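These notes concern the structure reproduced below.
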Amino acid sequence: MLGKNKKSAYGDDGREKVVSTLIGKETTFDGDLTSGETMRIDGVINGNCTCEKKLILSSDGQVKGNITAQSVIISGRVDGDIIVQGKLELLSTGKIAGNITAGSLVIDEGAAFDGRCTMSSSASASLYADTES
């Protein structure tokens, strides 16, 4: 019983149900990708990703382009800039080669980040001003 409560308290680890978009492990997508819901990427995206909610990049996933989202969890590789209104989590298997603008940032031991980081909720909030009502 205690284990169930603890697990649900820490349920935000990228294994949540994806509501809208899933790019499979053996999938390569060339072009810009936009989603109004949570997006999980297990394959390769050669283009920019825009997500109005959470973007989850699994350990097998790669994005070769820029990412803009409400929140992001990175376990795979990103070659591009990331703009996050809320929290960006770079897990131990994650690698980012690019600049980050985020409201908050968590980097696990073993993760790799090569770029600049700007902590600012106001800079990225303007990206979502038209979508919030």
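For residue 79, state whether it is surrounded by fewer than 22 Cβ atoms within 10 Å (Cβ to Cβ), under 17 Å from residue 21 (Cβ atoms), among the charged types (D, E, K, R) and free of Cβ contacts under 8 Å to residues at least 40 places away in the same chain.
Working: surrounded by fewer than 22 Cβ atoms within 10 Å (Cβ to Cβ): yes; under 17 Å from residue 21 (Cβ atoms): no; among the charged types (D, E, K, R): yes; free of Cβ contacts under 8 Å to residues at least 40 places away in the same chain: yes.
Taking the combined requirement at face value, the residue does not satisfy it.
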Of the residues 77, 15, which single one is modelled with pLDDT under 95 and either more than 17 Å from residue 100 (Cβ to Cβ) or not aliphatic (A, V, I, L, M) (or both)? 15
Which residues, counting only those in the range 53-76, are assigned to a strand (DSSP E or B) and touching a residue at least 60 places away in the same chain (Cβ under 8 Å)? 73
In the range 92-124, anything surrounded by fewer than 20 Cβ atoms within 10 Å (Cβ to Cβ) and part of a loop (DSSP other than H, G, I, E, B) is listed as 92, 93, 98, 99, 108, 109, 110, 111, 115, 116, 120
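The values are calculated or read from the model by the stated rules, or taken from the named source; none is laboratory data. Small disclaimer: the values here were computed from a predicted structure and weren't measured. FYI the Cβ positions are ideal-geometry reconstructions off the backbone, even for glycines, and counts take in every protein chain you see.
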